[in-house]
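Please read the structure below before turning to the comments.
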Amino acid sequence: MAEVATYELIDHVAVVTMDDGKANVFGPDMIAALNSHLDRAADDAKVVMLTGRPGLFSGGFDLRVIRGDDEETARNMTRGGARLLMRLYGLPQPLVIASTGHAVALGALCLLTGDYRVGADGDFRIGLNETAIGLALPPFAVMLADERLSRRHLARATLGARIFSPAGARDAGFLDEVVAPEELRESALDVARQMVDLDGSAYAGTKQGLRGASIARILERLR
């Protein structure tokens, strides 16, 4: 089986790179790989940085599985993806996301789990297209959108399925910073290296206070 995500430790930063050779979908293999890398990072990293390959962060859930004949596999995948995003959102370590390009549906929701999100500038599409393709946003997605997106853009980004450019995504709340593609990796690593110096226990405790109750409500519904 081809490796869909890789792990590299740089200056106490666990750099996890998604690359399935296609759309970087959150299918069963990607979900399992990311959870495995997060397990490893828990032991040997102070900060986690999640990124994709040039031009593409993630196209979301694997729609072939969702629309396939195996309902149990589809259900397990969507629940697994939701749990993964809740794990990222509540990660005790700082989470920096380097968005390398397109990020739609679950890919855009993944951006909302990051503590600091740096995006590559360019002709990229970022947003939640679910209502445009006949899918209602599930509770975990609604929670992330409500907590992280700008109130000015919330309705258009969710109900209206608005797709943003990187600059628009920054204004809407999907990103914190936009840089030239060739500067993305080092810009995100610079942010991550600065976060290495933060007190880990204090950071984890504060994040739990901010997000713990919301995450617990979502996880309870996923049982």
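Note on the chain: GNM, Cα springs under 10 Å; of VAL191, VAL25, VAL48, the largest mean-square fluctuation is that of VAL191. Based on Cα contacts under 8 Å between residues 6+ apart, the chain shows a relative contact order of 20 percent.
Please report the base-10 log of the normalised intensity I(q)/I(0) for the range 32-137, using a Debye sum with one equal scatterer per alpha carbon and no solvent, at each q in 0.18, 0.23 (1/Å). Values returned for q = 0.18, 0.23 Å⁻¹ are -0.94, -1.33. Applied to the range 11-20, the Karplus parametrisation 6.51 cos²θ - 1.76 cosθ + 1.60 on θ = phi - 60° returns per-residue 3J(HN,Hα) values of 6, 6, 10, 7, 9, 10, 10, 8, 7, 9 Hz, with x for Gly and Pro. For the peptides 158-164, 63-69, 12-18, the ranking by packing is 12-18, 158-164, 63-69, with the highest mean count of neighbouring Cβ atoms within 10 Å listed first.
Close amide-amide hydrogen proximity is noted between HIS102 and LEU56, PHE57, ARG125, each under 5 Å apart and 5 or more residues distant or on a separate chain (H modeled in the peptide plane; Pro and chain starts excluded). Here the gap between LEU198 and ARG151, fully extended at 0.36 nm per residue and compared with their Cα-Cα distance, gives a gain of 14.0 nm. For Kirkwood radius over Cα pairs in Å, the candidate list reads [x] 18.1; [y] 23.3; [z] 17.3; the entry that matches the value derived from this model is [z]. Less than 5 angstrom separates the built amide H of VAL25 from those of GLY59, all sequence-distant by 5 or more or on a different chain. Taking label positions 7 Å along the Cα-Cβ direction at both GLU72 and ALA216, the computed distance is 3.3 nm, reported to one decimal. Across LEU135, LEU111, LEU198, mean-square fluctuation computed from a Gaussian network of the chain (C-alpha pairs under 10 Å connected) peaks at LEU135. Applied to the range 87-97, the Karplus parametrisation 6.51 cos²θ - 1.76 cosθ + 1.60 on θ = phi - 60° returns per-residue 3J(HN,Hα) values of 5, 5, 5, x, 3, x, 7, x, 10, 9, 10 Hz, with x for Gly and Pro.
Bear in mind these aren't lab numbers, they're just calculated from the coordinates by the rules spelled out. Not measured: the values here are computed from a predicted model. Note that we place each Cβ from the backbone using ideal geometry, even for glycine, and neighbour counts take in every protein chain shown.
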